[in-house]
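Engineer: Below is the structure I would like to discuss, written out as structure tokens.
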Amino acid sequence: MRRVRIAVVTLGLVLVSCTQARNTAAGGNSSAEAQSASPAASSPAQPAVPGPPPKFDSNRAFQYVKEIVAFGPRPIGSQNHKKVEDYILSRLKGDEVEEDAFTIETTEGKFPVRNLIAKFPGTEDGIIIIASHYDTNYPLRDTSYVGANDGASSSALLLEIANQLRGKKREGYSVWLLWDDAEESMRLPWFDPESLYGVRHLAQKWQADGMIRNIKAFLLEDMIGDADLHIERETNSTGWLEDMIYQAATALGYQSHFFARTSQIEDDHMPFVERGVPAADLIDFDYGYNNVFWHTPQDTVDKLSPKSLEIVGMVTLETVQMLDHR
Ligand SMILES: [Zn+2]
């Protein structure tokens, strides 16, 4: 994916809050006092919908990140890519899985592409899609780049969400988990015509057969494992869906990890945004100072934390429940 711009208004707000923090320190208030004075810190989080909060096994999800990364770089057309496909499928045994396989022609040659979709049926008419790409960048194929945060963290998150959905009756919309392929650009820097192949193929197919009208929301997960987690408010995303995500985060007490920054990012949600599907990109696009670890061999597991996977996993599942009740 690529960032188009950071909203200037957010930078202004950050500057204001820094000034306030300095003023507070000068006034002698410790941050501990400031925290205990906050009603949010002293009252337990309330669920946004009836029933217990969602469950998510963060250690199991983190183990999946390590296992995906252990295959090494997984660019399209590689043996490692095939191994990761098989690994994902091996974790979905007994689930209803659709494979959407096709071939792309690029300036680098022809490549097989395969989207994997695990379907968990619900009682209501409509589908919520939760998506993550699992490939790593083709131009970085001969480096040690493994995309621990970029591709592996979100793919692992979906595997743990599958564990939570499996074997339970869904009172709500069907949930489809989509591991999409060939998100990364064939060239660096980002090259629009040769990227997002998997989702573009699916959006076209589902528009042609009418399925796209059944999609109630498209929730994209990308770069969600950073130990220093700050999910962007993303301006290509659907406003009411972003508001719902923030409400879900607030209900779980995780709002401090959401939407302090506003960015415009072109990512796997775009083919669905362009077709009028409500869509949101859950992404932390500040991975290391100034995003320095992004698309480098420094994108490794030691930068990530199980807690970040848990925060995003639980907020995603809470959002799904809110969509059920909408
Ligand atoms: Zn990437």
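The values are calculated or read from the model by the stated rules, or taken from the named source; none is laboratory data. These numbers were taken from a predicted model, which means no experiment stands behind them. Neighbour counts are summed over all protein chains in view; Cβ atoms, including those assigned to glycine, are modelled from backbone coordinates with ideal geometry.
Engineer: I need every pair where a residue in the range 138-154 that is hydrophobic (A, V, I, L, M, F, W, C) has its Cβ under 6 Å from the Cβ of a residue that is in a loop (DSSP other than H, G, I, E, B) and near the ligand (Cβ under 10 Å from one of its atoms), sequence separation at least 6 or different chains.
Structural biologist: What qualifies is Ala148/Asp299.
Engineer: Find all pairs meeting these conditions: Cβ atoms under 8 angstrom apart; at least six residues apart or on different chains; first residue within the range 165-189 and closer than 23 Å to Ile265 by Cβ; second residue among the aliphatic types (A, V, I, L, M) and within 12 Å of the ligand (Cβ to nearest atom).
Structural biologist: Short answer, once both residue conditions are applied: Ala182/Leu196; Glu183/Met1; Glu183/Leu196; Leu188/Leu140.
Engineer: Same structure, new question: Where residues in the range 95-132 are of a type in the set (Asp, Glu) and in contact (Cβ under 8 Å) with a residue 40 or more places away in the chain, which of them is surrounded by the fewest Cβ atoms within 10 Å (Cβ to Cβ)?
Structural biologist: We begin by selecting, within the range 95-132, every residue of a type in the set (Asp, Glu); these are 95-96, 98-100, 105, 108, 124-125.
Now drop any that are not in contact (Cβ under 8 Å) with a residue 40 or more places away in the chain, which leaves 95, 100, 108, 124-125.
Numbers: Asp95: 15, Asp100: 17, Glu108: 16, Glu124: 15, Asp125: 9.
Only one residue tops the list, namely Asp125.
Engineer: Is the range 285-304 home to any residue that is acidic (Asp, Glu) and closer than 30 Å to Gln207 by Cβ? Spell out how you get there, then give the answer.
Structural biologist: As a first pass, look at the range 285-304 and keep what is acidic (Asp, Glu): 286, 299, 302.
Next, from what is left, pick out any that are closer than 30 Å to Gln207 by Cβ: none.
Scanning the range 285-304 turns up no residue that is acidic (Asp, Glu) and closer than 30 Å to Gln207 by Cβ.
Engineer: Given (1) surrounded by fewer than 19 Cβ atoms within 10 Å (Cβ to Cβ); (2) under 20 Å from Tyr197 (Cα atoms); (3) without any contact (Cβ under 8 Å) to a residue 60 or more places away in the chain, identify the lone condition not met by Asp243.
Structural biologist: Unmet condition: (2).
Engineer: When you check Val312 against the structure, is it surrounded by fewer than 18 Cβ atoms within 10 Å (Cβ to Cβ) and β-branched (Val, Ile, Thr), yes or no?
Structural biologist: Answer is no for this residue.
Engineer: If you go through the range 282-323, how many residues are closer than 17 Å to Ala148 by Cβ and either at pLDDT below 95 or aromatic (Phe, Trp, Tyr) (or both)?
Structural biologist: 4
Engineer: Please enumerate the residues belonging to the range 284-299 that are over 18 Å from Ile231 (Cβ atoms) and under 17 Å from the mean Cα position of the chain (by Cα).
Structural biologist: Here is the first cut: in the range 284-299, the residues over 18 Å from Ile231 (Cβ atoms) are 292, 295-298.
Hit for the range 284-299 is His295, nothing else.
Engineer: Out of His230, His257, His295, His269, report the one residue that is buried (at least 24 other Cβ atoms within 10 Å of the Cβ) and not hydroxyl-bearing (Ser, Thr, Tyr).
Structural biologist: Values: His230 fails: buried (at least 24 other Cβ atoms within 10 Å of the Cβ); His257 fails: buried (at least 24 other Cβ atoms within 10 Å of the Cβ); His295 fails: buried (at least 24 other Cβ atoms within 10 Å of the Cβ).
Exactly one residue qualifies, and that residue is His269.
Engineer: If a residue must be more than 12 Å from the ligand (Cβ to nearest atom) and assigned to a helix (DSSP H, G or I), how many such residues does the range 267-317 contain?
Structural biologist: Kept after step one, since they are more than 12 Å from the ligand (Cβ to nearest atom), are these residues of the range 267-317: 269-282, 284, 286, 288-290, 292, 297-298, 300-317.
The next check asks that each one be assigned to a helix (DSSP H, G or I); those that pass are 270-273, 289-290, 301-303, 306-317.
Residues that pass the stated criteria total 21.
Engineer: Quick one: what pairs do we get from the range 211-233, first residue closer than 19 Å to Val146 by Cα, second of a type in the set (Lys, Arg), C-beta under 9 Å, 6+ apart or different chains?
Structural biologist: Sorted first by the residue in the range 211-233, then by its partner, the pairs are Gly225/Lys303; Asp226/Lys303; Ala227/Lys303; Ala227/Lys307.
Engineer: Okay, next question. Checking the condition crowded, with 18+ Cβ neighbours inside 10 Å, within 23 Å of Val277 (Cα to Cα) and under 21 Å from the mean Cα position of the chain (by Cα), which residue from Asp180, Asp192 passes? Quick ask: steps written out before the conclusion?
Structural biologist: Values: Asp192 fails: crowded, with 18+ Cβ neighbours inside 10 Å.
Checking each option against the conditions leaves just Asp180.
Engineer: Kindly state which strands (runs of 3 or more DSSP E) lie completely within the range 168-266 and contain at least 3 residues that are in contact with a Pro (Cβ under 9 Å, 6 or more places away or on another chain) and more than 15 Å from the ligand (Cβ to nearest atom).
Structural biologist: Result: 215-222.
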